[in-house]
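Comments concern the structure below.
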Amino acid sequence: MSGDLTVAVVGLNFGALWAPLYQLHPDVGRVVLCDPSSEALDRVGAATGITDRKADLADVLADERVDAVHLLTPLHLHAEQALATLRAGKHCAVAVTPALDLTGLEELVRAQQETGLNYMMMETGAYSDAVIHLRDLITSGTFGEVTFARGEHHQDMEGWPGYWVGLPPMWYSIHALAPLLAILGARPVSVRALGSGRLPDDRAATWGNPYPLEIALYALAGSPVSIEVTRSMFQTTRSPVESFSIWGEKHGLDWGRTTDETPLFYSWGTPGPGGRGRTVIAEPFTPPDLSHTVPARLRPVLRHPHNYQGASPRLVHEFVQSIIDGRRPALDAVVAAQWTAAGFAAHESAMNAGAVVEIPAFDVS
Ligand SMILES: NC(=O)c1ccc[n+]([C@@H]2O[C@H](COP(=O)([O-])OP(=O)(O)OC[C@H]3O[C@@H](n4cnc5c(N)ncnc54)[C@H](O)[C@@H]3O)[C@@H](O)[C@H]2O)c1
């Protein structure tokens, strides 16, 4: 396929940050905006200069010039809209979370297989500078064998749109889980989890979830590493943070418990007094320059504060490049299903007092 794709950006709240990235991509010739809100269309249209504006996804899907659609709509709409997009013959990128149940994930994997089109989960946590760099350190052997990894995501959802109220925390734990899975290159196979705290009955009734916070322990396929994930959305008074730690044989990293803390990278120093233990050298962690990961026109925005430590431009590039190359993208339908199902399994475990729950592989042959 030639490099003059037309991409529609659908849902213009979070989507407002992504339309300019597609405009900068050298293989995108045209960007279309879509949102039922005329205010959003006018606002983002004026900011970007994009004049192709549609109020209805159906009109985007009927437009033969549109090659690909990036959905950034409310999360309960993603599964149905992604299926409609693929069935209309368009490649599809989707903001997390891809679906809200296992059936929805199975349908997505099937639709991707049947259409042969590209489907990509645009998970920012999997593509930050830190994740890319740590993955390199692990695959090169520099980091040593990994012993343990932990992720957490705490964000107060008071005042957010109603569909968030009472959502099972692990259904949206991907920002805590994805960095660990991306760094380790591993698939989660089973989980045991517990809920913590109690939502008021009216909030618990929305999604049938009593917990403001959930904590999970995952086993990984073909890996001796266990990982721990904690996620809260309500009733948890602390600084908001998306954070992870990874500790190994030669090095370790702590991202920090709050957004104000400097991430620390650990190495071994001299033996401790009497030869007991070793001193630890803790240095501020600064990923190297990773501008080679995106085309030149996207490099100036890699470090923009709204671009999730380089993740958003890299995700856009991977989605577009995978279409150009005619290959499946890195975070394809199967990976999206596996990682999302990991959250469903954790909530199921929490609802069953920590029982072990297996996570489907969504194997395709
Ligand atoms: N780091 C991340 O990966 C990250 C960060 C923020 C949000 N998100 C995800 O992005 C998605 C959007 O989040 P948000 O905070 O912008 O949501 P939002 O509810 O604030 O805004 C959604 C937008 O979609 C529009 N919309 C609603 N129905 C539509 C339809 N049928 N067709 C087209 N547009 C429609 C709305 O008018 C609105 O402009 C969510 O799924 C959220 O989980 C991901």
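Read-outs throughout are calculated quantities, based only on the coordinates presented, and are distinct from any laboratory measurement. What you are looking at is a predicted structure, and each value in this text was computed from that prediction instead of being measured. Neighbour counts are summed over all protein chains in view; Cβ atoms, including those assigned to glycine, are modelled from backbone coordinates with ideal geometry.
For the reader, a short list of remarks on this structure follows.
- Furthest towards positive pole of dipole, Tyr127, Leu184, Leu12, structure part the chain, Cβ charges: Leu184
- The residue list Gly3, Phe148, Pro295 was ranked by how far each Cα lies along the charge dipole of the chain toward its positive end, using unit charges on Cβ atoms, and Phe148 comes out on top.
- Amide H contacts of Phe143: Ile138, each under 5 Å away and 5 or more positions distant or on a separate chain (H built 1.01 Å from N in the peptide plane; Pro and chain starts excluded).
- Between helix 129-139 and the chain: long-axis angle, C-alpha atoms, 0 to 90°, nearest 10: 60
- Across the chain, the volume of the C-alpha convex hull divided among the residues equals 153 Å³ per residue.
- Counted over the chain, the DSSP beta bridges are approximately 60% antiparallel.
- Size descriptors for the range 61-167, from the alpha-carbon set: Rg then Dmax equal 17.6, 52 Å.
- J(HN,Hα) series, the range 165-177, from Karplus relation 6.51 cos²θ - 1.76 cosθ + 1.60, nearest Hz, glycine and proline x: 5, x, 4, x, x, 6, 5, 10, 9, 4, 6, 8, 7
- Considering the range 244-365 at the alpha-carbon level, its Rg and Dmax are found to be 20.3, 60 Å.
- With a cut-off of 12 Å between beta carbons, the residues surrounding Thr286 carry a summed charge of -2, where Lys and Arg count +1 and Asp and Glu -1.
- With N counted as the residues of the range 1-106, its alpha-carbon radius of gyration over 2.2 N^0.38 Å works out to 1.01.
- Length-normalised contact order for the chain - Cα pairs under 8 Å, 6+ apart - percent: 19
- Under the criterion of Cα pairs below 8 Å and six or more residues apart, the relative contact order for the range 179-326 equals 11 percent.
- Here the 3J(HN,Hα) profile of the range 264-279, calculated from phi with Karplus coefficients 6.51, -1.76 and 1.60 at θ = phi - 60°, is 10, 10, 9, 9, 7, x, 7, x, x, x, x, x, 8, x, 9, 6 Hz, Gly and Pro shown as x.
- Mean separation of Cα contacts under 8 Å, 6 or more apart, over the residue count of the range 11-131: relative contact order %: 19
- Total formal charge among the other residues, if their Cβ is under 12 angstrom from that of Thr258, Lys/Arg +1 and Asp/Glu -1: -3
- Once the Cβ-Cβ distance of Lys250 and His306 is raised to the sixth power relative to R0 = 41 Å, the FRET efficiency obtained is 0.75.
- Over the range 233-306: Kirkwood hydrodynamic radius from C-alpha pairwise inverse distances, Å: 15.5
- Debye, to nearest 20: dipole size of the chain, +1 on Lys, Arg Cβ, -1 on Asp, Glu Cβ: 720
- Peptide ranges 6-16, 35-45, 91-101, 187-197 listed from the most packed, as the mean C-beta count within 10 angstrom indicates: 91-101, 6-16, 187-197, 35-45
- Potential lengthening between Asn352 and Gln113 on full extension [0.36 nm per residue; Cα-Cα distance subtracted]: 82.7 nm
- Karplus-derived 3J(HN,Hα), 6.51/-1.76/1.60, for each residue of the range 245-262, Hz, glycine and proline x: 10, 9, 10, x, 5, 10, 9, x, 9, 10, 5, x, 7, 9, 5, 7, 6, 6
- Packing, as the average of other Cβ atoms within 10 Å across residues, places the peptides 27-33, 152-158 in the order 27-33, 152-158, highest first.
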